[in-house]
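Notes to accompany the following structure.
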C-alpha cells in the first residue's frame with residue numbers, strides 16, 4: 001500500500017478491536033469550533049488519593065499496574081487533561097511475561113509495532129480501568145509508528161509527523177519490510193468529545209524518528225528522521241559503510257495553515273552518511289534564549305539551527321565526552337528543566353551533563369558535566385520534569401546489546417542479550433534535585449515489568465506521572481500493554497509520609513495569555529501555609545524517552561494584591577514558547593496544587609527578555625569561625641549566575657554556579673566577607689552585593 005494515499009475505508013480488524021475495547025466514536029469530521037473554546041482551563045480531578053507507603057515523603061509511591069489497550073509508544077497530554085497514546089495494535093499475549101522466540105514470530109499473540117490500526121484517548125479522572133479508555137480506529141491509511149507528535153499551539157490539536165511505511169502484510173519485521181520513512185502528517189481533533197484523526201498536508205521529506213519543536217512564532221520545526229530508502233542500523237560514524245544517497249535532509253517548518261516549507265540552507269555540508277546518522281534518531285532539540293533551536297545529535301555533539309529565511313545550521317559546537325559512552329542517541333534523554341538549560345543523561349553511561357543554551361546568536365551552546373551520577377547506566381530511560389522543576393528518571397536497563405535483534409544474529413546471543421537486559425532492569429525511580437546537584441532514589445514499584453525501548457513517562461495535571469509501555473519491537477524482552485501512576489514525594493508530608501493537603505488554584509485565565517503581560521491567579525493553601533511560588537510546565541509529548549515540547553519555568557511573583565497573585569509572564573517567546581502549560585501553585589512545604597491549563601500566545605518576532613532578577617541571602621548572616629554557612633540565590637530570566645568574594649571565600653559544590661541553587665562554605669578567619677553576585681541573561685545583567693561576618 002502507498003502510505004501517501006488515504007485509505008477511506010476503516011480496516012475491519014480495527015473496527016473489531018475498537019468494538020471489543022471501547023465504544024467507537026469519531027465518525028465524520030468535527031465541527032470547526034476550536035478546541036480551545038471547549039477545553040481551555042479544565043478542572044482536572046486527581047486519579048485517586050495518593051497511596052500510603054513507608055518513606056513516601058522521600059521516595060514517593062506507586063499505584064497499581066493497569067492494563068492498557070495497546071503499547072503506548074507515544075503519549076501526548078491534551079489540553080483538556082486527557083492523554084493520547086498510540087504506536088502498536090491491540091493484540092497482546094501477556095502484559096508482564098518475558099517473550100520467547102515462538103511468541104516473537106507469532107503476530108497474532110503479541111502487540112505489533114504499528115500505528116496503522118488504532119489509537120487511544122485516556123481520561124485520568126476515570127482511573128485505569130477499561131471505561132477510562134476510548135479506543136478509536138485510525139482510518140487514514142497511515143502508520144504513525146515512531147512518528148513525532150505535539151500539540152499545535154494555536155488550536156491544541158495534535159500534529160503527528162511521519163512514521164513508518166505500512167506494507168499491508170504484517171508490519172515491521174513480522175512478514176513486512178525494513179522500516180522506511182513516510183512524508184505523511186496527521187491531525188487529531190478532539191473537540192466536543194468527538195475525536196477525529198485526519199490526514200494533513202504531506203511533508204516535503206519522508207521522516208521516521210524525526211523531532212518536532214514549537215518555535216516562538218507558533219510554527220513547528222520538523223527536523224531529522226530517517227528517509228524512505230533502506231536503512232542500515234550498523235552504519236559507521238565515519239561513513240565507511242551504509243547508503244550514501246538520499247539522506248542529506250534539511251529541516252522543514254510547518255506553518256499555521258498546515259503547509260510545509262523546507263529550510264534548504266540548513267542542510268549539513270558534512271558527509272551524507274554522518275549527517276543521516278547524526279539526526280536520524282530523534283535529535284534532542286530545544287528553543288534557546290537566543291531564539292535559535294539548539295540540539296544534541298546522535299553522535300553526541302551539539303548544533304544550532306536558525307529558522308530565519310531559508311535557515312542555517314552550525315554543527316559540532318560542543319561534543320560530549322565519549323567515555324564510557326556518549327549520553328546521546330535514543331538510548332538517552334534530555335530534559336529542559338531550567339531556563340536556558342537541559343539535563344542530559346541515560347544510555348550506557350551513568351554521567352549527567354548540562355546543556356547551557358546561548359543567550360544570543362553570536363554565542364555557542366556549552367556542555368558541562370554536573371558531577372552528579374545515576375546509580376548506573378540506563379539505556380532507554382525516560383526523563384520528566386516535575387511540577388517543582390526537579391527531574392524524574394524512570395525505567396531503563398543497565399545492560400543492553402544494541403545489535404542483538406539484527407538479522408542473522410545467533411539465537412544464543414539473543415538469549416544472552418535478553419537475559420542481561422532483564423537482569424539490568426532499573427525500576428527504582430531517581431529524582432534529580434538541582435539545588436543539591438544529586439540524584440535521589442525513590443521507592444521502587446512492586447511487580448513492575450522492565451520498561452526499556454518504547455516506554456513513556458508523562459507529567460499529568462494532578463502532578464503525578466504516568467509511566468507505561470515498552471516493547472513492540474523485534475525480540476523485545478517484555479511487551480508492556482500496561483501502565484501505572486507514580487506519586488512523587490512532593491505529594492506527601494516529609495515527616496509522617498501521609499498524603500499532604502494541597503494548595504488550590506480557584507481562578508486562572510481562560511483566555512490566551514500574552515507574552516509580557518501580568519497574569520492574575522487566585523490560589524489558597526491549607527494549614528496556614530503560604531504560596532511560595534508558581535510554576536509553568538508545558539504539556540508533554542513523549543516518545544522514545546524524549547519529551548519534545550516539555551519545558552519548565554518559575555514565574556516571577558509580583559505580589560499578592562486584592563486577593564490575587566500577580567505573576568509576570570516572560571517577555572520572549574524563546575523563554576515561553578507558545579502553546580499550553582500546566583500552572584502549578586506550590587506552597588511553603590513544597591506541595592503542588594493540581595494544575596490549571598493555560599494557553600500562551602505566539603509572537604511574530606522574538607522580543608528581548610526582561611532583565612534578570614536576583615535574590616541572595618546567607619544563612620546565618622553572622623557565623624562563628626570554623627562553622628559552616630549557606631548562601632542561597634534565586635533568579636528569574638537568568639541563564640547563569642557567577643560570584644566573586646573577598647577574603648578567599650568560596651562555596652562548595654561541583655555544579656557550576658547557576659539559577660536557584662544553594663552552596664555551603666566555612667571560614668577560619670574573622671572579619672567581614674563581601675561577595676558580588678552577577679545574574680546574566682539575554683535581557684542583560686544584574687549585580688547584587690552581599691556581606692556577612694565571621695566572628
Quiz item: Looking at this structure, is residue 488 more than 21 Å from residue 594 (Cα to Cα) and buried (at least 18 other Cβ atoms within 10 Å of the Cβ)?
Solution: no
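For (1) more than 16 Å from residue 598 (Cβ to Cβ); (2) over 25 Å from the mean Cα position of the chain (by Cα), each residue gets a yes or a no:
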residue	(1), (2)
505	no, no
521	no, yes
531	yes, yes
534	no, no
538	no, no
544	yes, no
563	yes, yes
566	no, yes
Practice problem: Within the range 110-128, identify whether any single residue is modelled with pLDDT of 80 or more, out of contact with any helix residue (DSSP H, G or I) (no Cβ under 6 Å at 6 or more places or on another chain) and assigned to a loop (DSSP other than H, G, I, E, B), and answer yes or no. | Solution: yes
Self-check item: Only listed residue being more than 15 Å from the chain's Cα centre (by Cα), assigned by TED's automatic domain parsing to the domain that holds residue 342 and surrounded by fewer than 24 Cβ atoms within 10 Å (Cβ to Cβ), chosen from 415, 462
Solution: 415
Quiz item: If you check residue 389 against the conditions, is it assigned to a strand (DSSP E or B), within 24 Å of residue 341 (Cα to Cα), modelled with pLDDT of 90 or more and not assigned by TED's automatic domain parsing to the domain that holds residue 543?
Solution: no
Practice problem: Would you mind finding the one in 70, 21 that is more than 29 Å from residue 499 (Cα to Cα) and at pLDDT 55 or above? | Solution: 70
Self-check item: Given (1) in contact with a helix residue (DSSP H, G or I) (Cβ under 7 Å, 6 or more places away or on another chain); (2) surrounded by 18 or more Cβ atoms within 10 Å (Cβ to Cβ), index of the condition residue 479 fails
Solution: (1)
Exercise. Sort through 524, 539, 512, 535 and tell me the only one that's without any contact (Cβ under 8 Å) to a residue 24 or more places away in the chain, farther than 25 Å from residue 55 by Cα and either in contact with a helix residue (DSSP H, G or I) (Cβ under 7 Å, 6 or more places away or on another chain) or not assigned by TED's automatic domain parsing to the domain that holds residue 346 (or both).
Key: 524
Practice problem: Go over the candidates 329, 340, 347 one by one and state the one that is at pLDDT below 85 and in contact with a strand residue (DSSP E or B) (Cβ under 7 Å, 6 or more places away or on another chain). | Solution: 329
Quiz item: Given the structure, is residue 447 in contact (Cβ under 8 Å) with a residue 24 or more places away in the chain and part of a loop (DSSP other than H, G, I, E, B)?
Solution: yes
Practice problem: State all residues of the range 360-394 that are within 14 Å of residue 286 (Cβ to Cβ) and in contact (Cβ under 8 Å) with a residue 60 or more places away in the chain; if no residue qualifies, say none. | Solution: 365, 367, 383, 385
Self-check item: Odd one out for residue 505, checked against (1) over 30 Å from residue 333 (Cα atoms); (2) at pLDDT 95 or above; (3) outside any strand (DSSP E or B)
Solution: (3)
Quiz item: Out of all the residues in the range 567-579, is one or more crowded, with 20+ Cβ neighbours inside 10 Å and farther than 30 Å from residue 503 by Cβ?
Solution: no
Quiz item: Only one residue in 681, 658 is within 22 Å of residue 434 (Cα to Cα) and either modelled with pLDDT of 70 or more or touching a helix residue (DSSP H, G or I) at 6+ places or on another chain (Cβ under 9 Å) (or both). Which one?
Solution: 681
Quiz item: List, please: which pairs have Cβ atoms under 8 Å, are six or more places apart or on different chains, and start with a residue in the range 55-67 that is on the phi > 0 side of the Ramachandran plot and modelled with pLDDT under 95 and end with one that is surrounded by fewer than 20 Cβ atoms within 10 Å (Cβ to Cβ) and in a loop (DSSP other than H, G, I, E, B)?
Solution: 55/443; 55/497
Quiz item: When only residues in the range 287-313 that are more than 23 Å from residue 604 (Cα to Cα) and assigned to a loop (DSSP other than H, G, I, E, B) count, which is modelled with the lowest pLDDT?
Solution: 299
Quiz item: Are any of the residues in the range 208-227 in contact with a helix residue (DSSP H, G or I) (Cβ under 9 Å, 6 or more places away or on another chain), at pLDDT below 75 and within 18 Å of residue 331 (Cα to Cα)?
Solution: no
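The values are calculated or read from the model by the stated rules, or taken from the named source; none is laboratory data. Just so it is clear, the structure is predicted and the values come from calculations on it, not from any experiment. For neighbour counting, all protein chains shown are included, and Cβ atoms are generated from backbone atoms with ideal geometry for every residue, glycine included.
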